[in-house]
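Notes follow the structure.
No value in this document is a laboratory result; all are computed from the given coordinates. On a predicted model such as this, the values are computed, not experimentally measured, just so you know. In this analysis, Cβ positions are derived from the backbone assuming ideal geometry, glycine residues included, and neighbour counts consider all displayed protein chains.
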Amino acid sequence: MSEEIIKDVMVGENEDYIINMGPQHPSTHGVLRLEVCLKGETVKYLIPHIGYIHRGIEKMCEADTYQQLIHLTDRMDYLSAHMNNEAVCLCVEDALQVEIPERVKYIRTILDELNRIASHQLWWCAFGMDLGALTSFFYGLRDREHILDIFEESFGSRLLHSFVMPGGLMHDVHPNFQKRTKEFIKYFRKKLPEYDQLLTGNIIFQNRAKGIGYMSRETAIGYGVTGPSGRGSNFACDVRKIAPYGAYDKVQFNEILGTGCDTFARYQVRMAEMWESMNIIEQLIDNIPEGDYTAKMKPIIKLPAGEYFRRVETARGELAVYVVSDGNKTPYRMKFRTPNFSNLFVLNTLASGHKIADLIAISGSLDLVIPDIDR
Amino acid sequence: MNSIIEYFTDLFKGLSSLWAGMRVTGKYFISPGAIVTQQYPENRKTLKMEDRFKGEIIMPHDENNQHACTGCGICEMNCPNGSIEIITDRVPNAEGKLERVIDKHIYHLSMCTFCGLCVKTCPSNALAFGQKFEHAVFDRSKLTKVLNQPGSSLKKEAKK
């Protein structure tokens, strides 16, 4: 912001009322402070203040070896921990030019999609709760539990599973993995229509979500809003399609695009993505090739000096990892382009002119995870 | 006139949408078999975690109070958070040579992030994940544990 704009923004008129939404607020999943300027009940502008849970992950990565820093990336976007791990691993594998086994690619892709479903389930229940539908919270968590059980059986942890290692996986998946995943898909195909009956069709929900938070395609591209939030504005930004990684080039799936550009369109994109993720898993789960769970890697990984860049699609958008190596066993510089950081700063444009109660709906539809913003 | 018709169609559409939602919740209300809630503190006797569950790091000892840890320090080196400290000692063995044995394998549970690198990289499989997950204590110092039991010694066949 130039100085003029800051001056313009900071000096409100006399009747303006400035309140702080957060840092502790039930609708911001994490610690985020929004400085909201109100005229009556209407939002004039808002300034996000970030950094409440800044842990310096990028700096901490510089002191860790490439195997050690994997567990830090879990803690950025904790709801898509698996994709975060994979982004770093792809970067390291690129740099070393290791050929990873097919089995690893398949399992990684299945886990990506399972994690995406789990993340969207949590978003769905929290979004419903933000808008006052508490029942949806229990229904979403009930089904998410099934995925977390699969994760727990295979990796031992439910949320922050540092399961992907450079070169492959930490260990092989549990023998029950295929069976339980298939059971879950069968179960969730029956339960997902319930979500629509419960919340999507609900008249109160629709009135609160439709026509709120209009984000044009230009705005989405301008702010770099990716993921389901960007695709709700008809912005085709799915990294799985643009630059396929893992086994995504072997499966048939549609990139879900919404044309409504409002909160409800973003909602519908996420609901449709859950169906699409189940399709992807069904195509892969029966065809997992036999083989090693990891490529042969040296115990101490040293990347050749240079710059490496990889991106993956997390549940919230495009995560890019940029590594600068000087040939040592630790990275010289590590930079994460996290999706939520870009998605947060479009909030001012979306919420200006709407009522303060709609601000909750709009920020909920962007599906913000605050540790990912602060990192 | 049109607006009145619109008003009533909207009203009935709205009511039917609410009814559709209530039908879902009502179905679960009258079928207790669909309840999935675990009564946690009451079911502690029967609660079993998965085999691979990462509860805490333990050092398995056999019936002779012997473990497999040679004190090489690879787990200490691989730990990203410094939650493992190994204090080694040199004692003469049967042939009179000085041999490295662990004095204390200290594990700071409060610093551990359960990444699993120590268990994976241990060359003699001396570490494993335990199933215990109730770690709440009143004093922080209780979270610092010594993994090797007092009086324990190195398993001879584990030595390479």
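Looking only at Cβ-Cβ distances, which cysteines of chain B have no other cysteine closer than 4.7 Å?
Flagged as lacking a Cys partner: B:C69, B:C72, B:C79, B:C112, B:C115, B:C122.
Could you compute the longest span of chain B free of chymotrypsin sites (Phe, Trp or Tyr not before Pro) located in DSSP loops and having at most 12 other Cβ atoms within 10 Å, not counting the site residues?
Numbers: sites that count: B:F133, B:F138.
No qualifying site falls inside B:1-132, the longest such stretch.
I want to check the label-to-label distance for A:Q24 and A:L141. Put each point 7 Å from Cα in the C-beta direction and report it in nm to one decimal.
It works out to 1.8 nm between the two label points.
For the pair A:L134/B:V91, report the inter-label distance in nm, with labels modelled 7 Å from Cα in the Cβ direction.
Taking the simple label geometry, A:L134 and B:V91 are separated by 6.1 nm.
How many partner chain Cβ atoms sit within 10 Å of a residue's Cβ in peptide B:49-58, on average, as a whole number?
4
Quick check on the protein assembly as shown: helices-only [θ] at 222 nm, where DSSP H runs of length 4 and up contribute -39,500 (n - 2.57) each and the sum goes over total residues. Nearest 500, please.
Details: 19 runs with 214 residues, N = 535.
After summing the helix terms and dividing by residue count, I get -12000 deg cm²/dmol.
Calculated FRET efficiency, B:D62 and B:H108, Cβ-Cβ r, R0 35 Å, to nearest 0.05?
Values: r = 25 Å, r/R0 = 0.73.
For B:D62 and B:H108, the calculated efficiency is 0.85.
Under 8 Å for C-alpha pairs, at least 6 residues apart: give me the relative contact order for chain A, rounded to a whole percent.
Working: 706 pairs, mean separation 99.7, N = 375.
The normalised contact order for chain A reaches 27 percent.
Specify the angular offset, from 0 to 90 degrees and rounded to the nearest 10, of the alpha carbon long axis of helix A:263-285 from the longest principal axis of the alpha carbons in chain A.
Between the helix axis and the principal axis of chain A, the angle is about 10 degrees.
Any idea what angle helix A:134-155 forms with the longest principal axis of chain A, computed on alpha-carbon atoms, 0 to 90 degrees, nearest 10?
20 degrees
For the stretch B:142-147, what does the Karplus curve 6.51 cos²θ - 1.76 cosθ + 1.60, with θ = phi - 60°, yield as ³J(HN,Hα) per residue in whole Hz, taken in order and with x for Gly and Pro?
6, 7, 8, 10, 9, 7
Tell me, how many Å apart are the Cα centres for the stretch B:17-59 and for the stretch A:243-262?
Taking the Cα centre of each part, the stretch B:17-59 and the stretch A:243-262 sit 33 Å apart.
Mind checking the mean number of beta-carbon atoms from other chains within 10 Å of the Cβ atoms in A:195-202? Walk me through the numbers on the way to the answer.
Details: counts 1, 3, 8, 6, 3, 3, 6, 5.
Going residue by residue through A:195-202 and averaging, the value is 4.
With r defined as the distance between the Cβ atoms of A:E183 and B:K27 and R0 fixed at 25 Å, what FRET efficiency is calculated, to the nearest 0.05?
On the way: r = 21 Å, r/R0 = 0.86.
Using R0 = 25 Å, I get an efficiency of 0.70.
If R₀ is 25 angstrom, what is the calculated FRET efficiency for the pair A:V324 and B:V146, using the beta carbon separation as r and rounding to 0.05? Could the numbers behind the result be given before it?
On the way: r = 41 Å, r/R0 = 1.63.
With R0 = 25 Å, the Cβ-Cβ based efficiency is 0.05.
Take the cross-link list B:K45/B:K142; A:K298/B:K104; A:K44/A:K355; A:K105/B:K120; A:K298/B:K120 and give me the ones stretching past 19 Å between alpha-carbons. Each step should come with its number before you reach the end.
Details: B:K45/B:K142 24 Å; A:K298/B:K104 29 Å; A:K44/A:K355 9 Å; A:K105/B:K120 21 Å; A:K298/B:K120 14 Å.
In this structure, B:K45/B:K142; A:K298/B:K104; A:K105/B:K120 exceed 19 Å between Cα atoms.
Which distance in nm do the two modelled labels at A:N254 and A:Y78 give, with both placed 7 Å along the Cα-to-Cβ direction?
The answer from the label model is 3.5 nm.
Which angle between 0 and 90 degrees, to the nearest 10, do you get for helix B:2-29 versus the longest principal axis of chain B when only C-alpha atoms count?
40 degrees
Please report the relative contact order for the stretch B:1-101, taking Cα pairs under 8 Å with a sequence separation of at least 6, and give it as a percent rounded to a whole number.
Working: 35 pairs, mean separation 11.4, N = 101.
Once divided by the residue count of the stretch B:1-101, the mean separation gives 11 percent.
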